[in-house]
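Comments concern the structure below.
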């Protein structure tokens, strides 16, 4: 066999960017749920969903893909 043989399965290799994006996603998720529990109707119905969608649909997937 030459050096081109397939290697065994490799685990996820996260870089610093991955950890930063995942950490930012986690912080924004926490902030979103805190905003959701807010007594202000504007914060609870507008800001919280935006924060949660950005975290769940953008930051977490980017942290896993990149």
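We did not get these values from a lab; they are worked out from the coordinates using the rules stated. Owing to the predicted nature of the structure, the values given are computational and were not obtained by experimental measurement.
In the chain, the DSSP-assigned H stretches of four residues or longer account for a calculated mean residue ellipticity at 222 nm of -15500 deg cm²/dmol, using -39500 (n - 2.57) per stretch and the full residue count as denominator.
Could you calculate, for the chain, the ratio of the Cα radius of gyration to the Kirkwood radius, expressed as Rg to Rh? Radius of gyration over Kirkwood radius for the chain works out to 1.32.
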